[in-house]
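J.: Dropping the structure in here first, questions after.
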Amino acid sequence: MLESDPSSSAPSGTPETEVAPLAAALLAVREPPAGPDAPCRVLRDRLAAQPGLPALAVTAEDGRVLGLVDRLALAGMADPEAPARMAMDSAPLLVDADLPLCEVARRIMQDKPGALASGFVVLENGRYLGIGSGLDLLARTDEQIIQRTRQLDEARRAAERANRAKTAFFACMSHEIRTPLNAMMGFAELLEQEVLGPISNPLYRDYARDIAESGRYLMDLINDLLDLSKAEAGRLELAEAAVDVPRVAVGSARLLSDRAGRAGVGIETDLPPDLPPLRADERKLRQMLLNLLSNAVKFTPPDGVVTLNGRLAADGTLCLSVHDTGIGMTADELEKALEPWGQIDSALGRNHIGTGLGLPLTKRLVELHGGRLDIDTAPDRGTTMTLVFPAERVGG
């Protein structure tokens, strides 16, 4: 068997999932080298005593490597007393002790494929350290692959456990928060509508409206958190039915019209009344449109326009687009916006509240329907975000 370096043993307490980097030093069998004048007979006997050793190094007195003598070369020497220099390969593969195993394999295949059978010389600080074996390299590489696979598998299981725990936590917390929040919103609406009698100071009615609106925003945030968490865990389900797309789209635009009006932004709709029904989850379709419209209003300056379009494409897909005349995004900003909690850092965006959940959730929801979210944007050119639903969902 080949000798192994004791230093290759992992220190006690090292987690099983940590894979120490393996280098050529681990392959070096510390077999003393032979001199250039040593008889081939002696080298042959030494190799016969060590079946796992592919070759012996030949070095000068100062430790410089002169060559490598392998078993095949010794077998071909007719004179057993011939000196080692007559049988040696004077241009063996030399690798540094700290070279990673993957690089050793690359060097072999690129520079000297025969080294897989004949072996190679491992150097430390330019001097002979030991003999490396191709078989040992393959075994060590396989071991590293197994360890890495085990590490990745454990990381995957840990991530799945964390996702399940996060989803359970959000589900529990959303239930605990919804109960008092619904009561607060209900009482605020009673005050706003003066159900039990008029309020003498009209400011109180305004405060009640603000409380109810803040409660609705918080409820939407809770729902988005729960939906995004379920989507990431693959546990978000669709309640599918034939949806009247123009009705849902126009209704979504109407819901955002007050907010847009307060921001000085106009909302327009351009949807053919004969758009076919879509087999989808109506609540989630409305949620996607509200997210896109809200995001467009948020990043559109006063006197800007947000337009909601709908059309049936030539390939049968149904497209719902939200176009704004806002600030647009760079490629880096778009990448950030599509990440959960990512927010565009702009003077316009900082004037509005937001968590950065809208676009990532919308992307996951349309993908859950088998579709995609297309985005066309550029700084100072506005943004067009399009929900594309597959043809097999069109027609109900």
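The values are calculated or read from the model by the stated rules, or taken from the named source; none is laboratory data. On a predicted model such as this, the values are computed, not experimentally measured, just so you know. A quick note on method: Cβ atoms are made from the backbone with ideal geometry, for glycine too, and the neighbour counts reach across all protein chains shown. With ligands, DNA and RNA removed, areas are computed over all heavy atoms of the protein, side chains included. Shrake-Rupley method; radii C 1.70, N 1.55, O 1.52, S 1.80 Å.
J.: Being buried (at least 16 other Cβ atoms within 10 Å of the Cβ) and not hydrophobic (A, V, I, L, M, F, W, C) is the filter here; which residues of the range 190-204 pass it?
T.: Result: Glu192, single match.
J.: Continuing with the same structure: Can you give me the number of residues within the range 208-247 that are hydroxyl-bearing (Ser, Thr, Tyr) and either within 28 Å of Arg311 (Cα to Cα) or without any contact (Cβ under 8 Å) to a residue 12 or more places away in the chain (or both)?
T.: Residues meeting the conditions: 1.
J.: Condition check: at pLDDT 85 or above and among the small types (Gly, Ala, Ser). Does Ala208 satisfy that?
T.: yes
J.: Take the range 32-53 and flag every residue that is part of a loop (DSSP other than H, G, I, E, B) and open to solvent by 20 Å² or more (accessible area, probe 1.4 Å).
T.: Pro32, Pro33, Gly35, Pro36, Asp37, Ala38, Gln50, Pro51, Gly52 - these are the residues of the range 32-53 that are part of a loop (DSSP other than H, G, I, E, B) and open to solvent by 20 Å² or more (accessible area, probe 1.4 Å).
J.: Okay, next question. Which residue out of Leu203, Leu256 is assigned to a helix (DSSP H, G or I), touching a strand residue (DSSP E or B) at 6+ places or on another chain (Cβ under 7 Å) and either under 30 Å from Ala158 (Cα atoms) or not charged (D, E, K, R) (or both)?
T.: Leu256
J.: Which condition number in (1) of a type outside the set (Val, Ile, Thr); (2) at pLDDT 90 or above; (3) open to solvent by less than 60 Å² (accessible area, probe 1.4 Å) is the one that Leu221 fails?
T.: Of everything listed in (1) of a type outside the set (Val, Ile, Thr); (2) at pLDDT 90 or above; (3) open to solvent by less than 60 Å² (accessible area, probe 1.4 Å), Leu221 misses just condition (2).
J.: Please determine whether any residue of the range 270-283 is at pLDDT 90 or above, within 22 Å of Ser214 (Cα to Cα) and either open to solvent by 30 Å² or more (accessible area, probe 1.4 Å) or touching a helix residue (DSSP H, G or I) at 6+ places or on another chain (Cβ under 6 Å) (or both).
T.: no
J.: Out of the range 316-371, which residues are charged (D, E, K, R), at pLDDT 75 or above and within 23 Å of Ile267 (Cα to Cα)?
T.: Asp324, Lys363
J.: I've got another one for you. Scan the strands (runs of 3 or more DSSP E) fully inside the range 87-151 and keep the ones with 2 or more residues being open to solvent by less than 20 Å² (accessible area, probe 1.4 Å).
T.: Where strands (runs of 3 or more DSSP E) fall fully within the range 87-151 and carry at least 2 residues being open to solvent by less than 20 Å² (accessible area, probe 1.4 Å), they are 120-124, 127-132.
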